[in-house]
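S.K.: If you scroll down you'll find the structure; I have some questions about it.
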Amino acid sequence: MTENHAAPIDPSLDLEAEILRLKKERNAVLLAHYYQMSEIQDLADFLGDSLQLAQAAQKTPADVIVFAGVHFMAETAKILNPTRTVVVPDLTAGCSLDEGCPVDAFRAWRAKYPGAVAVTYINCSAAVKAESDYICTSSNAEKIVRAIPADKQVLFAPDRNLGRHVMKATGRELVLWAGSCIVHETFSERRIIGIKERHKGAELIAHPECEEPILRMASFIGSTTALIKHVASSPNKTFIVATEPGVIHQMRKVAPDKTYLEAPPDDESCSCNQCPHMRKNTVEKLYLCLRDLQPQVDVPADVRARALVPIERMLALS
Ligand code: 13P
Ligand code: SF4
(Lines give C-alpha, C1' and ligand atoms only; values in the text may rest on other atoms or scores of the structure.)
(Ligands and ions follow the chains in the order given, each with its own letter.)
Protein backbone atom coordinates (compact mmCIF):
# COMPACT_ATOMS: atom_id res chain seq x y z
CA MET A 1 0.00 0.00 0.00
CA THR A 2 1.20 3.51 -0.77
CA GLU A 3 0.11 6.81 0.73
CA ASN A 4 -1.00 9.77 -1.34
CA HIS A 5 1.00 12.96 -0.71
CA ALA A 6 -0.72 14.86 -3.47
CA ALA A 7 0.16 18.17 -5.09
CA PRO A 8 -2.69 20.69 -4.57
CA ILE A 9 -5.69 20.76 -6.89
CA ASP A 10 -5.90 23.64 -9.36
CA PRO A 11 -9.02 25.51 -8.10
CA SER A 12 -10.07 26.48 -11.64
CA LEU A 13 -10.60 22.84 -12.68
CA ASP A 14 -14.00 21.32 -13.33
CA LEU A 15 -13.33 18.15 -11.33
CA GLU A 16 -16.17 16.09 -12.80
CA ALA A 17 -14.96 16.86 -16.36
CA GLU A 18 -11.36 16.10 -15.35
CA ILE A 19 -12.36 12.75 -13.84
CA LEU A 20 -14.12 11.77 -17.08
CA ARG A 21 -11.10 12.89 -19.12
CA LEU A 22 -8.58 11.06 -16.92
CA LYS A 23 -10.66 7.88 -16.97
CA LYS A 24 -10.29 7.80 -20.76
CA GLU A 25 -6.65 8.82 -20.78
CA ARG A 26 -5.68 6.10 -18.30
CA ASN A 27 -8.04 3.43 -19.67
CA ALA A 28 -9.53 3.31 -16.20
CA VAL A 29 -12.84 1.94 -15.00
CA LEU A 30 -14.59 3.55 -12.05
CA LEU A 31 -16.43 1.03 -9.87
CA ALA A 32 -18.61 2.49 -7.13
CA HIS A 33 -20.70 1.11 -4.31
CA TYR A 34 -24.22 2.38 -3.59
CA TYR A 35 -23.08 3.86 -0.25
CA GLN A 36 -20.94 6.42 -2.03
CA MET A 37 -22.11 10.03 -2.15
CA SER A 38 -24.45 10.77 -5.10
CA GLU A 39 -21.85 12.80 -7.03
CA ILE A 40 -19.47 9.82 -7.09
CA GLN A 41 -22.24 7.38 -8.02
CA ASP A 42 -23.11 9.61 -11.00
CA LEU A 43 -19.53 9.48 -12.30
CA ALA A 44 -19.19 5.70 -12.07
CA ASP A 45 -18.91 3.31 -15.02
CA PHE A 46 -20.34 0.56 -12.89
CA LEU A 47 -22.42 0.72 -9.73
CA GLY A 48 -23.29 -2.32 -7.68
CA ASP A 49 -23.45 -4.28 -4.47
CA SER A 50 -20.35 -6.11 -3.21
CA LEU A 51 -20.93 -9.18 -5.35
CA GLN A 52 -21.61 -7.24 -8.55
CA LEU A 53 -18.54 -5.09 -7.97
CA ALA A 54 -16.36 -8.20 -7.51
CA GLN A 55 -17.86 -9.65 -10.71
CA ALA A 56 -17.23 -6.38 -12.57
CA ALA A 57 -13.63 -6.33 -11.29
CA GLN A 58 -13.19 -9.91 -12.50
CA LYS A 59 -14.40 -9.05 -16.03
CA THR A 60 -12.99 -5.59 -16.71
CA PRO A 61 -10.42 -5.17 -19.49
CA ALA A 62 -9.35 -1.74 -18.09
CA ASP A 63 -5.70 -1.09 -17.16
CA VAL A 64 -6.66 0.80 -14.02
CA ILE A 65 -9.45 0.01 -11.57
CA VAL A 66 -10.57 2.98 -9.50
CA PHE A 67 -12.56 1.63 -6.60
CA ALA A 68 -14.92 4.06 -4.91
CA GLY A 69 -15.87 1.95 -1.95
CA VAL A 70 -13.98 0.64 1.05
CA HIS A 71 -10.63 -1.10 1.36
CA PHE A 72 -11.78 -4.73 1.41
CA MET A 73 -13.66 -4.17 -1.87
CA ALA A 74 -10.58 -2.74 -3.62
CA GLU A 75 -8.46 -5.53 -2.17
CA THR A 76 -10.83 -8.10 -3.68
CA ALA A 77 -10.47 -6.35 -7.05
CA LYS A 78 -6.68 -6.54 -6.73
CA ILE A 79 -6.79 -10.24 -5.79
CA LEU A 80 -8.80 -10.86 -8.96
CA ASN A 81 -6.54 -8.61 -11.08
CA PRO A 82 -2.98 -8.77 -9.74
CA THR A 83 -1.46 -7.22 -12.86
CA ARG A 84 -3.76 -4.18 -12.94
CA THR A 85 -3.34 -0.98 -11.00
CA VAL A 86 -6.05 -0.63 -8.34
CA VAL A 87 -6.43 2.80 -6.76
CA VAL A 88 -8.80 4.16 -4.13
CA PRO A 89 -9.72 7.72 -3.21
CA ASP A 90 -8.88 7.11 0.47
CA LEU A 91 -6.74 4.23 1.69
CA THR A 92 -8.06 4.62 5.24
CA ALA A 93 -11.67 3.86 4.25
CA GLY A 94 -12.06 0.58 6.13
CA CYS A 95 -14.96 -1.36 7.62
CA SER A 96 -15.89 -2.14 11.22
CA LEU A 97 -16.47 -5.80 10.34
CA ASP A 98 -12.97 -6.10 8.93
CA GLU A 99 -11.47 -4.25 11.95
CA GLY A 100 -13.29 -6.57 14.35
CA CYS A 101 -11.85 -9.71 12.77
CA PRO A 102 -8.02 -9.68 12.95
CA VAL A 103 -6.38 -12.59 11.16
CA ASP A 104 -4.64 -14.07 14.23
CA ALA A 105 -7.86 -14.19 16.21
CA PHE A 106 -9.69 -15.63 13.20
CA ARG A 107 -7.06 -18.36 12.81
CA ALA A 108 -7.27 -19.25 16.52
CA TRP A 109 -11.10 -19.37 16.30
CA ARG A 110 -10.97 -21.69 13.26
CA ALA A 111 -8.50 -23.97 15.01
CA LYS A 112 -11.11 -24.66 17.73
CA TYR A 113 -13.35 -26.35 15.11
CA PRO A 114 -11.21 -28.88 13.21
CA GLY A 115 -12.89 -30.16 10.05
CA ALA A 116 -15.38 -27.26 9.93
CA VAL A 117 -15.92 -25.20 6.76
CA ALA A 118 -15.35 -21.44 7.11
CA VAL A 119 -17.73 -19.23 5.13
CA THR A 120 -16.51 -15.66 5.44
CA TYR A 121 -18.38 -12.50 4.51
CA ILE A 122 -16.48 -10.45 1.92
CA ASN A 123 -16.27 -7.59 4.49
CA CYS A 124 -12.90 -8.79 5.86
CA SER A 125 -9.20 -8.44 5.07
CA ALA A 126 -7.37 -10.36 2.33
CA ALA A 127 -5.48 -12.16 5.12
CA VAL A 128 -8.76 -13.46 6.61
CA LYS A 129 -10.01 -14.42 3.14
CA ALA A 130 -6.80 -16.42 2.72
CA GLU A 131 -7.75 -18.46 5.84
CA SER A 132 -11.31 -19.13 4.61
CA ASP A 133 -12.94 -21.87 2.53
CA TYR A 134 -15.67 -19.76 0.90
CA ILE A 135 -16.30 -16.04 0.63
CA CYS A 136 -19.88 -14.78 0.46
CA THR A 137 -21.71 -11.49 0.21
CA SER A 138 -25.11 -10.50 1.54
CA SER A 139 -26.66 -11.46 -1.80
CA ASN A 140 -25.35 -15.04 -1.94
CA ALA A 141 -24.61 -16.06 1.69
CA GLU A 142 -27.66 -18.32 1.83
CA LYS A 143 -26.78 -20.02 -1.46
CA ILE A 144 -23.16 -20.61 -0.42
CA VAL A 145 -24.16 -22.13 2.93
CA ARG A 146 -26.70 -24.39 1.19
CA ALA A 147 -23.93 -25.63 -1.14
CA ILE A 148 -21.94 -27.07 1.79
CA PRO A 149 -22.65 -30.75 2.58
CA ALA A 150 -25.13 -31.12 5.45
CA ASP A 151 -22.75 -33.23 7.56
CA LYS A 152 -20.17 -30.41 7.72
CA GLN A 153 -20.01 -27.94 10.59
CA VAL A 154 -20.06 -24.37 9.20
CA LEU A 155 -18.31 -21.36 10.73
CA PHE A 156 -19.62 -17.95 9.70
CA ALA A 157 -17.65 -14.71 10.20
CA PRO A 158 -17.48 -11.81 10.80
CA ASP A 159 -21.11 -10.51 10.75
CA ARG A 160 -23.30 -12.25 13.31
CA ASN A 161 -26.48 -10.56 12.09
CA LEU A 162 -26.08 -11.81 8.54
CA GLY A 163 -25.09 -15.17 10.02
CA ARG A 164 -28.27 -15.35 12.13
CA HIS A 165 -30.33 -14.36 9.11
CA VAL A 166 -28.76 -17.19 7.08
CA MET A 167 -29.35 -19.65 9.94
CA LYS A 168 -33.04 -18.71 9.94
CA ALA A 169 -33.33 -18.96 6.15
CA THR A 170 -31.51 -22.29 5.82
CA GLY A 171 -32.50 -23.90 9.13
CA ARG A 172 -28.84 -24.75 9.56
CA GLU A 173 -26.85 -24.25 12.75
CA LEU A 174 -23.80 -22.02 12.13
CA VAL A 175 -21.00 -21.14 14.52
CA LEU A 176 -20.97 -17.33 14.47
CA TRP A 177 -18.14 -14.86 14.93
CA ALA A 178 -19.41 -12.02 17.16
CA GLY A 179 -18.93 -9.09 14.76
CA SER A 180 -21.31 -6.39 13.59
CA CYS A 181 -21.47 -3.28 11.44
CA ILE A 182 -21.33 0.05 13.28
CA VAL A 183 -23.89 1.50 10.86
CA HIS A 184 -26.47 -1.28 10.76
CA GLU A 185 -26.48 -1.82 14.52
CA THR A 186 -27.59 1.77 15.19
CA PHE A 187 -31.15 1.58 13.85
CA SER A 188 -33.81 2.18 16.46
CA GLU A 189 -36.78 -0.16 16.71
CA ARG A 190 -38.68 2.41 18.79
CA ARG A 191 -38.15 5.23 16.31
CA ILE A 192 -39.04 3.00 13.33
CA ILE A 193 -42.33 2.10 15.06
CA GLY A 194 -42.92 5.86 15.44
CA ILE A 195 -42.34 6.43 11.70
CA LYS A 196 -44.71 3.57 10.84
CA GLU A 197 -47.41 5.21 12.96
CA ARG A 198 -46.95 8.56 11.24
CA HIS A 199 -46.68 7.06 7.71
CA LYS A 200 -49.41 4.44 7.48
CA GLY A 201 -48.58 1.74 4.94
CA ALA A 202 -44.83 2.53 4.86
CA GLU A 203 -42.86 -0.65 4.24
CA LEU A 204 -39.71 -1.37 6.23
CA ILE A 205 -36.94 -2.85 4.08
CA ALA A 206 -33.61 -3.83 5.59
CA HIS A 207 -30.09 -4.99 4.87
CA PRO A 208 -29.29 -8.33 6.58
CA GLU A 209 -26.51 -6.65 8.59
CA CYS A 210 -29.27 -5.05 10.73
CA GLU A 211 -29.90 -6.46 14.19
CA GLU A 212 -32.54 -9.12 14.74
CA PRO A 213 -35.39 -6.88 16.09
CA ILE A 214 -35.16 -4.71 12.94
CA LEU A 215 -35.00 -7.74 10.62
CA ARG A 216 -38.05 -9.23 12.39
CA MET A 217 -40.06 -6.07 11.64
CA ALA A 218 -38.89 -5.83 8.00
CA SER A 219 -41.10 -7.07 5.19
CA PHE A 220 -38.14 -7.37 2.81
CA ILE A 221 -34.49 -8.18 3.57
CA GLY A 222 -31.75 -8.06 0.95
CA SER A 223 -28.44 -6.76 -0.32
CA THR A 224 -28.22 -3.17 -1.54
CA THR A 225 -29.04 -4.25 -5.11
CA ALA A 226 -31.95 -6.41 -3.92
CA LEU A 227 -33.34 -3.46 -1.93
CA ILE A 228 -33.16 -1.18 -4.99
CA LYS A 229 -34.91 -3.79 -7.16
CA HIS A 230 -37.55 -4.28 -4.48
CA VAL A 231 -38.64 -0.63 -4.35
CA ALA A 232 -39.07 -0.66 -8.12
CA SER A 233 -41.24 -3.79 -8.14
CA SER A 234 -43.22 -3.34 -4.89
CA PRO A 235 -46.73 -1.84 -5.15
CA ASN A 236 -45.95 0.19 -2.01
CA LYS A 237 -45.35 3.91 -2.31
CA THR A 238 -43.41 4.65 0.89
CA PHE A 239 -40.35 2.82 2.22
CA ILE A 240 -38.40 3.02 5.44
CA VAL A 241 -34.88 2.12 4.35
CA ALA A 242 -32.80 0.36 7.03
CA THR A 243 -29.36 0.56 5.49
CA GLU A 244 -26.82 3.26 4.60
CA PRO A 245 -28.86 6.07 2.99
CA GLY A 246 -26.47 6.40 0.01
CA VAL A 247 -28.58 3.67 -1.56
CA ILE A 248 -31.59 6.01 -1.78
CA HIS A 249 -29.96 7.90 -4.67
CA GLN A 250 -30.49 4.90 -6.99
CA MET A 251 -33.91 4.16 -5.48
CA ARG A 252 -34.99 7.64 -6.54
CA LYS A 253 -33.72 6.88 -10.06
CA VAL A 254 -35.48 3.53 -10.46
CA ALA A 255 -38.72 4.64 -8.76
CA PRO A 256 -38.84 8.45 -8.67
CA ASP A 257 -42.52 8.70 -7.73
CA LYS A 258 -42.03 6.92 -4.39
CA THR A 259 -41.08 8.22 -0.93
CA TYR A 260 -37.97 7.02 0.91
CA LEU A 261 -37.50 7.56 4.62
CA GLU A 262 -34.14 6.86 6.24
CA ALA A 263 -34.41 4.40 9.14
CA PRO A 264 -33.27 6.49 12.12
CA PRO A 265 -30.45 5.68 14.54
CA ASP A 266 -31.14 5.44 18.30
CA ASP A 267 -29.23 8.65 18.95
CA GLU A 268 -31.31 11.46 17.44
CA SER A 269 -28.34 13.85 17.37
CA CYS A 270 -25.98 11.77 15.19
CA SER A 271 -25.79 10.77 11.52
CA CYS A 272 -24.56 7.33 12.49
CA ASN A 273 -26.69 5.72 9.77
CA GLN A 274 -24.01 7.03 7.35
CA CYS A 275 -20.95 4.81 6.96
CA PRO A 276 -17.98 6.90 8.15
CA HIS A 277 -15.67 4.80 5.95
CA MET A 278 -17.63 4.99 2.71
CA ARG A 279 -18.12 8.72 3.27
CA LYS A 280 -14.38 9.37 3.45
CA ASN A 281 -14.33 9.28 -0.36
CA THR A 282 -14.90 12.67 -1.98
CA VAL A 283 -14.91 13.94 -5.56
CA GLU A 284 -11.61 15.73 -4.81
CA LYS A 285 -9.93 12.53 -3.60
CA LEU A 286 -11.38 10.65 -6.55
CA TYR A 287 -9.83 13.18 -8.93
CA LEU A 288 -6.46 12.96 -7.15
CA CYS A 289 -6.29 9.17 -7.24
CA LEU A 290 -6.95 9.23 -11.00
CA ARG A 291 -4.47 12.04 -11.58
CA ASP A 292 -1.65 10.55 -9.48
CA LEU A 293 -2.56 6.83 -9.62
CA GLN A 294 -2.15 6.87 -5.84
CA PRO A 295 -2.93 5.51 -3.31
CA GLN A 296 -2.66 2.00 -4.73
CA VAL A 297 -3.98 -1.14 -3.11
CA ASP A 298 -1.66 -4.11 -3.05
CA VAL A 299 -1.87 -7.63 -1.65
CA PRO A 300 1.24 -9.78 -0.95
CA ALA A 301 1.53 -12.58 -3.53
CA ASP A 302 1.19 -15.48 -1.05
CA VAL A 303 -1.91 -13.99 0.61
CA ARG A 304 -3.37 -13.20 -2.79
CA ALA A 305 -2.92 -16.75 -4.08
CA ARG A 306 -4.67 -18.23 -1.01
CA ALA A 307 -7.43 -15.59 -0.90
CA LEU A 308 -8.23 -16.11 -4.58
CA VAL A 309 -9.37 -19.71 -3.96
CA PRO A 310 -12.43 -18.94 -1.73
CA ILE A 311 -13.30 -15.86 -3.81
CA GLU A 312 -13.34 -17.92 -7.00
CA ARG A 313 -15.41 -20.60 -5.27
CA MET A 314 -17.96 -17.90 -4.47
CA LEU A 315 -17.95 -16.48 -7.99
CA ALA A 316 -18.42 -19.94 -9.48
CA LEU A 317 -21.49 -20.49 -7.27
CA SER A 318 -23.00 -17.03 -7.93
P1 13P B 1 -23.86 -5.15 -0.16
O2 13P B 1 -23.21 -6.43 -0.47
O3 13P B 1 -25.35 -5.30 0.01
O4 13P B 1 -23.54 -4.11 -1.16
O5 13P B 1 -23.36 -4.64 1.26
C6 13P B 1 -22.10 -4.10 1.46
C7 13P B 1 -21.94 -3.52 2.79
O8 13P B 1 -20.88 -3.13 3.19
C9 13P B 1 -23.08 -3.45 3.63
O10 13P B 1 -22.80 -2.70 4.74
FE1 SF4 C 1 -18.50 -1.90 6.73
FE2 SF4 C 1 -20.82 -1.25 7.78
FE3 SF4 C 1 -19.55 0.53 6.32
FE4 SF4 C 1 -20.65 -1.64 5.15
S5 SF4 C 1 -21.72 0.04 6.17
S6 SF4 C 1 -18.61 -0.81 4.76
S7 SF4 C 1 -20.34 -3.16 6.75
S8 SF4 C 1 -18.86 -0.31 8.29
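Conditions tested, residue by residue: (1) crowded, with 18+ Cβ neighbours inside 10 Å; (2) in a loop (DSSP other than H, G, I, E, B); (3) out of contact with any Leu (no Cβ under 8 Å at 6 or more places or on another chain).
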position	(1), (2), (3)
K229	no, no, yes
N236	no, yes, yes
I240	yes, no, no
L261	yes, no, yes
N273	yes, yes, yes
P276	no, yes, yes
L286	yes, no, no
L308	yes, no, no
I311	yes, no, no
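Table: residues versus (1) within 13 Å of ligand 1 (Cβ to nearest atom); (2) aromatic (F, W, Y); (3) touching a Phe, Trp or Tyr at 6+ places or on another chain (Cβ under 8 Å).
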| residue | (1), (2), (3) |
| --- | --- |
| S233 | no, no, no |
| N236 | no, no, no |
| F239 | no, yes, yes |
| S271 | no, no, no |
| Q274 | yes, no, no |
| T282 | no, no, no |
| R291 | no, no, no |
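S.K.: Okay, next question. Any idea how many residues of the range 288-300 are touching a helix residue (DSSP H, G or I) at 6+ places or on another chain (Cβ under 9 Å) and surrounded by fewer than 21 Cβ atoms within 10 Å (Cβ to Cβ)? Walk me through it before giving the result.
M.R.: Step one: filter the range 288-300 for residues touching a helix residue (DSSP H, G or I) at 6+ places or on another chain (Cβ under 9 Å), giving 290-291, 294-300.
This time we only want the ones that are surrounded by fewer than 21 Cβ atoms within 10 Å (Cβ to Cβ), so: 291, 294, 296, 298, 300.
Summing the residues that are touching a helix residue (DSSP H, G or I) at 6+ places or on another chain (Cβ under 9 Å) and surrounded by fewer than 21 Cβ atoms within 10 Å (Cβ to Cβ) in the range 288-300 gives 5.
S.K.: Please go through the range 123-155 and give me each residue that is over 17 Å from the mean Cα position of the chain (by Cα) and free of Cβ contacts under 8 Å to residues at least 40 places away in the same chain, ordered by number.
M.R.: If the condition is that a residue be over 17 Å from the mean Cα position of the chain (by Cα) and free of Cβ contacts under 8 Å to residues at least 40 places away in the same chain, then V145, R146, I148, P149, A150, D151, K152, V154 are the ones that fit.
S.K.: Which of the strands (runs of 3 or more DSSP E) found entirely inside the range 116-167 contain at least 3 residues meeting this: of a type in the set (A, V, I, L, M, F, W, C) and modelled with pLDDT of 95 or more? Let's see the steps before the verdict.
M.R.: On the way: elements: 117-121, 134-136, 154-157.
Those strands (runs of 3 or more DSSP E) span 117-121, 154-157.
S.K.: Only one of (1) within 16 Å of ligand 1 (Cβ to nearest atom); (2) touching a Phe, Trp or Tyr at 6+ places or on another chain (Cβ under 9 Å); (3) farther than 23 Å from K129 by Cβ; (4) not acidic (D, E) is not met by A202, so which one is it?
M.R.: Among (1) within 16 Å of ligand 1 (Cβ to nearest atom); (2) touching a Phe, Trp or Tyr at 6+ places or on another chain (Cβ under 9 Å); (3) farther than 23 Å from K129 by Cβ; (4) not acidic (D, E), the lone unmet condition for A202 is (1).
S.K.: Just checking, does the range 84-102 include any residue being assigned to a helix (DSSP H, G or I), among the charged types (D, E, K, R) and surrounded by fewer than 24 Cβ atoms within 10 Å (Cβ to Cβ)?
M.R.: Step one: filter the range 84-102 for residues assigned to a helix (DSSP H, G or I), giving 96-99.
Next, from what is left, pick out any that are among the charged types (D, E, K, R): 98-99.
With surrounded by fewer than 24 Cβ atoms within 10 Å (Cβ to Cβ) added as a condition, the list becomes 98-99.
Yes, the range 84-102 has at least one match.
The values are calculated or read from the model by the stated rules, or taken from the named source; none is laboratory data. Computed from a predicted structure; not experimentally measured. All Cβ positions, glycine included, derive from the backbone under ideal geometry; neighbour counts span all protein chains shown.
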